[in-house]
Amino acid sequence: QDMTEKELLKMELDQLKKEVKNERQMVSKTGKELKEYIESMAGEDPLLKGVPEDKNPFKEKGGCTIS
């Protein structure tokens, strides 16, 4: 937070200039489309169906045993 108030206001103004160019749509339309997309992709979602053990990059590679 080493920025001056003027710099912060300039950043905010720049962000608002970008956002004003975005096309706006009704939530009633986009919500339905989003729901349909999520439901159609649910079969491929690793958070819902899990990751196969052979493709899991975070699987423990081997253990260390102390005897």
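The values are calculated or read from the model by the stated rules, or taken from the named source; none is laboratory data. In this text the structure is predicted, and so the values were computed from the model without any measurement. The area values use the complete protein model at the heavy-atom level, side chains included, leaving out ligands, DNA and RNA. Shrake-Rupley method; radii C 1.70, N 1.55, O 1.52, S 1.80 Å.
Points worth noting:
- Difference of contour (0.36 nm per residue) and Cα-Cα distance, ASP14 to LYS49: 8.5 nm
- The lysine pair tally for region 12-67, using Cα distances under 30 Å and a gap of 8 or more places or different chains, is 15.
- Hydrodynamic radius by Kirkwood, which averages 1/r over all alpha carbon pairs of region 5-55, in angstrom: 14.9 Å
- Rounded tilt (10° steps) of 5-20 against the dominant C-alpha axis of the chain: 80 degrees
- The residues of region 5-55 have, on average, 103 Å² of accessible surface per residue, using a 1.4 Å probe with all protein chains present.
- With all protein chains in place and a 1.4 Å probe, the accessible surface of region 5-55 carries 58 percent carbon and sulfur.
- Across region 51-58, computed HN-Hα scalar couplings (Karplus, 6.51 cos²θ - 1.76 cosθ + 1.60, θ = phi - 60°) run 10, x, 4, 6, 10, 7, x, 9 Hz from first to last residue, x flagging Gly and Pro.
- Helix 27-41 axis, angle to the chain major axis (alpha carbon atoms, nearest 10°): 20 degrees
- With helices as the sole contributors, the chain gives -16000 deg cm²/dmol at 222 nm; each DSSP H run of n ≥ 4 counts as -39500 (n - 2.57), and the sum is divided by every residue.
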